[in-house]
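Nothing in this text is a laboratory measurement; each read-out follows from the coordinates by a stated rule. If you're wondering where the values come from, they're calculated on a predicted model, not measured in any experiment. All Cβ positions, glycine included, derive from the backbone under ideal geometry; neighbour counts span all protein chains shown.
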């Protein structure tokens with residue numbers, strides 16, 4: 001438990017030092033859930049959704065925390081909204097998980113918008129392909145695709161096809177440094193690299 005408490009303290013500091021960092025609040029909420037601190041987890045997930053309302057996985061986790069606190073009506077409302085958000089974005093896994101939660105609670109599923117399969121191709125359409133929930137480039141008329149995959153592996157190809165250049169540069173120039181410094185990650189170790197990669201995938205909306 002002491003290791004879990006240490007990690008909670010790490011991410012609480014990250015969230016406090018950078019209140020606009022949705023990943024810090026998100027990961028803090030996950031760890032608080034793991035520790036059974038559901039009231040605080042609710043607060044962290046709510047802040048995550050304020051910053052990134054299209055982050056569909058958070059609706060699922062927030063609803064789970066609310067159910068642990070016997071706040072059923074709030075959980076049901078979030079599950080319905082989260083299901084619709086995930087369906088619209090083509091986020092199948094969280095959509096299906098929230099659908100299962102709703103049916104297990106005796107509720108019917110929201111009407112599907114019929115666009116639950118992502119309309120992406122090997123050559124994404126500029127300005128429409130970036131799947132990161134909090135894509136700042138969406139505010140512009142056109143977002144640019146990376147000139148080439150950043151890595152020569154499956155993940156690099158996925159980033160190339162699904163993440164715009166603006167979001168990738170935001171990760172490389174800003175958030176990646178924050179993650180390394182604030183979590184004191186040693187990228188020469190397997191654990192440090194795994195943690196770094198997990199944060200990168202979450203930031204880019206690839207989880």
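Each peptide in 158-167, 175-184 gets a packing score, the mean of other Cβ atoms within 10 Å over its residues, and the list from highest to lowest is 158-167, 175-184. Going from the fewest other Cβ atoms within 10 Å to the most, the residues 59, 83, 196 appear in the order 196, 83, 59.
Here percent of Cα pairs over 32 Å apart was calculated from the structure, and among (1) 19; (2) 16; (3) 39 it sits at label (1).
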